[in-house]
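Each remark here refers to the structure printed beneath this line.
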Amino acid sequence: MTQTASIRLVLTGPESTGKSTLTEFLGQQLGLPFAREYARIYLERHGPAYDYDLLLPLSREHARYQRSEVPSDAVAGVLDTDLLNYKIWCEVAYGRCHPEIIAAIEGEAHHVYLLCYPDLPWEPDPLREHPHERMMLFDRHRAEIERLGRRYEIIRGSGEERTRAALHASHRLLARGNDAPKAGR
């Protein structure tokens, strides 16, 4: 498998679609460093309340945390969300996004995506907010990835079918690196 230097495989999409589970699975299966979702770590530690002003420092800490877990000299790594998630979070919750987050997304050009389709059953969690808006969130993620011109594949199915699909899609994305975007299944 040929890999582009510094490529980051990002699990993204709506809530309750298996991103965290797939991040750890892929990191282990591919032998790559991986980083969990920092917002979840923070909110579990400090409580579920947040506001617009918190999202900017949270996004900075998210980026710092991911760099500590997946060092810049790693040829590839797996990330549970990236700053694109913060942009969509800000826009959905507040109708606007911090310009610094938008600018920082441009610096993540080495990201390719596994976009998780909302075909898994909703699992309630105190940090999840949108049980009935998952398709809207999926569409927003896809639109943003396409707007940025980044490669992605859509991950569907449940259980072994989903993990197998994610593993195969990861191999394809890592092999093609940062080539022109093309949606998968």
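Points to keep in mind about this one:
- Restricting the first member to the range 71-85 and to residues that are on the phi > 0 side of the Ramachandran plot, and the second to residues that are surrounded by fewer than 24 Cβ atoms within 10 Å (Cβ to Cβ), the beta-carbon pairs closer than 8 Å and six or more apart or on different chains are THR81/GLU37; THR81/ALA39.
- ARG147 in a helix (DSSP H, G or I) and either surrounded by 17 or more Cβ atoms within 10 Å (Cβ to Cβ) or charged (D, E, K, R) (or both): yes
- When the range 150-168 is limited to residues that are of a type in the set (A, V, I, L, M) and under 11 Å from LEU115 (Cα atoms), the one that is surrounded by the most Cβ atoms within 10 Å (Cβ to Cβ) turns out to be ILE155.
- Looking at TYR117, TYR50, TYR94, just one residue is under 17 Å from the mean Cα position of the chain (by Cα) and among the aromatic types (Phe, Trp, Tyr), and that residue is TYR117.
- A residue that is among the hydroxyl-bearing types (Ser, Thr, Tyr), buried (at least 18 other Cβ atoms within 10 Å of the Cβ), within 14 Å of the chain's Cα centre (by Cα) and modelled with pLDDT under 95 cannot be found anywhere in the range 21-29.
- Looking across ASP119, ASP73, ASP53, one residue alone is at pLDDT 95 or above, among the charged types (D, E, K, R) and not in a helix (DSSP H, G or I). It is ASP119.
- The range 53-81, subset under 28 Å from GLN29 (Cβ atoms) and acidic (Asp, Glu), residue surrounded by the most Cβ atoms within 10 Å (Cβ to Cβ): ASP80
- Looking at THR23, THR17, just one residue is in a loop (DSSP other than H, G, I, E, B), of a type in the set (S, T, N, Q) and in contact (Cβ under 8 Å) with a residue 24 or more places away in the chain, and that residue is THR17.
The values are calculated or read from the model by the stated rules, or taken from the named source; none is laboratory data. What you see is a predicted model; the values in this text were computed from it and never measured. So basically every Cβ, Gly included, is an ideal-geometry build from the backbone, and we count neighbours across all protein chains shown.
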